[in-house]
Amino acid sequence: MIVLTDLTAVKKALRAQRIETPSWGYANSGTRFKVFGQPGVPRTPEEKIADAATVHRFTGVAPSVALHIPWDRVDDFGALTRHARDLGVRIGAINTNVFQDEDYKLGSVTNPDPGIRRKATDHLLEAISIMDTTGSRDLKLWFADGINYPGQDDLRDRQDRMAEALRETYDRLGEHQRMLLEYKLFEPAFYATDIPDWGTSYAHCLELGPQATVCIDTGHHAPGTNIEFIVAFLLRAGKLGAFDFNSRFYADDDLMAGAADPFQLFRIMYEIVRGDALDPSYGINFMLDQCHNIEKKIPAIIRSVMNVQEATAKALLVDRDALRAAQAAGDVLGANAVLMDAYNTDVRPILAEVRADAGLDPDPVGAYQRSGYQERIEAERAGGRQAGWGA
């Protein structure tokens, strides 16, 4: 049974936690089959940032917003950066898009056509130029590249092309910039995806150098995959750079973080705590990557932030000395009980105290609903912008 005595260290860690929200999560977005438009969604990148600033205002732990290019392209990224700063947030990771252009039917940086490969790589370099302007640290890369049929293309050649594009991009990074290399098991390439798993991403990052790290999207794994093992391995290797938090029931569902399997989120966050990697100074970017198709955007993102906070609080409550002792003694049930005691603790009162101490409402979702912001944007905005998925 958890004995809540001195919670000073737990509260300090929770106050320091930072979670990045996605610009596309505020826009009309959803499944590959249908996007259900909502009133009040952003029409411009500036309005997306305003919504992200609203989430930060009610949670206190979401001070950055990731951009997706070209969905968030503007004429003046310097002005967009100042706009974010004026609203109390900053521009976070810059996400590239080499999967929606007609030219990328057979791939982008691994396409057999050298002209298309050049076009895709130039887009990656463009994203770094945007980072230079916005002051962003992280370049996040995800490739839909792959093949649907055996023999469609040479598997080894595609890896060589991928390595060539990644090397050129990596060499363009500034001293304080990083590459986050995401992976995905399948979709839209069903026979062979060029970066299908964490091992492939890790191998490319090792070859590139210290500024290349792996991004774990929690929805991009086969059913039953032990994601916390991947977290532990990459932390040990110093190659875990970021998370894309969401929930999955079947595949890449992009549902609210912690919605499908909150126990998995707890196990992941325990490995982060155990690896002393929670503090922002460690360098992991804890991002959300979600599409809110049937629920209201802003309260869904607030709820996701809160779910990550709750999983983190429970992970911080694990009695690590007792766990170590049970593990060393071979006490299987005792060790498991230590974890379960922490997981079964109601941490909402602790988080309410942390928020109150920071001058925030203990109930962020309720505070947002009472604020009138949702009603105002629904009245003011018409013709909300899509994140990039077809309606």
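A few comments on the model shown:
- Loop-located trypsin sites (Lys or Arg not before Pro) in segment 24-67 (DSSP state other than H, G, I, E, B) with a sparse environment of at most 12 neighbouring Cβ atoms within 10 Å: R32, K34.
- Within segment 58-113, the trypsin sites (Lys or Arg not before Pro) that combine a DSSP coil assignment with at most 14 other C-beta atoms in a 10 angstrom radius are R73.
- Share of pairwise Cα-Cα distances greater than 31 Å in the chain is 37 percent (whole percent).
- For segment 26-151, average projected area of the Cα convex hull in nm²: 9.5 nm²
- Per the Debye calculation on segment 317-391 with a single equal scatterer at every Cα and no solvent contribution, log₁₀ I(q)/I(0) for q = 0.13, 0.21 Å⁻¹ amounts to -0.69, -0.93.
- Longest exposed-site-free window of the chain, the sites being chymotrypsin sites (Phe, Trp or Tyr not before Pro) in a DSSP loop that have at most 16 other C-beta atoms within 10 Å: 251-391
- Solvent exposure of segment 175-258 as accessible area per residue, Å², 1.4 Å probe: 39 Å²
- Computed per residue of the chain from DSSP H runs no shorter than four, each worth -39500 (n - 2.57), the mean residue ellipticity at 222 nm is -14000 deg cm²/dmol.
- Whole-percent carbon and sulfur share, accessible surface of the chain, 1.4 Å: 53 percent
- Other residues with beta-carbon under 11 Å from the beta-carbon of T54 carry, at +1 per Lys or Arg and -1 per Asp or Glu, a net charge of +2.
- Calculated translational diffusion coefficient of segment 166-274 (4 °C, 1.567 mPa s; Stokes-Einstein with Kirkwood radius over alpha-carbon pairs) equals 89 µm²/s.
- Using the Cβ of P63 as centre and a radius below 12 Å, the other residues enclosed give a net charge of +3, where K and R count +1 and D and E count -1.
- Environment charge of D319, counting only residues whose C-beta is closer than 15 Å and scoring Lys/Arg +1, Asp/Glu -1: 0
- Length, then width, then depth: along the principal axes, the Cα atoms of segment 261-373 run 56, 30, 28 Å.
- DSSP-loop GluC sites (Glu not before Pro) across segment 145-185, with at most 10 other Cβ within 10 angstrom: E175
- Stokes-Einstein D (µm²/s) once Rh is taken as the Kirkwood radius of segment 246-300 over alpha-carbon pairs, at 4 °C in 1.567 mPa s: 103 µm²/s
The values are calculated or read from the model by the stated rules, or taken from the named source; none is laboratory data. If you're wondering where the values come from, they're calculated on a predicted model, not measured in any experiment. Ideal geometry is used to build each Cβ from the backbone, glycine not excepted, and the neighbour counts take in all protein chains shown. The accessibility values were calculated without ligands, DNA or RNA, using every heavy atom of the protein model including side chains. Shrake-Rupley method; radii C 1.70, N 1.55, O 1.52, S 1.80 Å.
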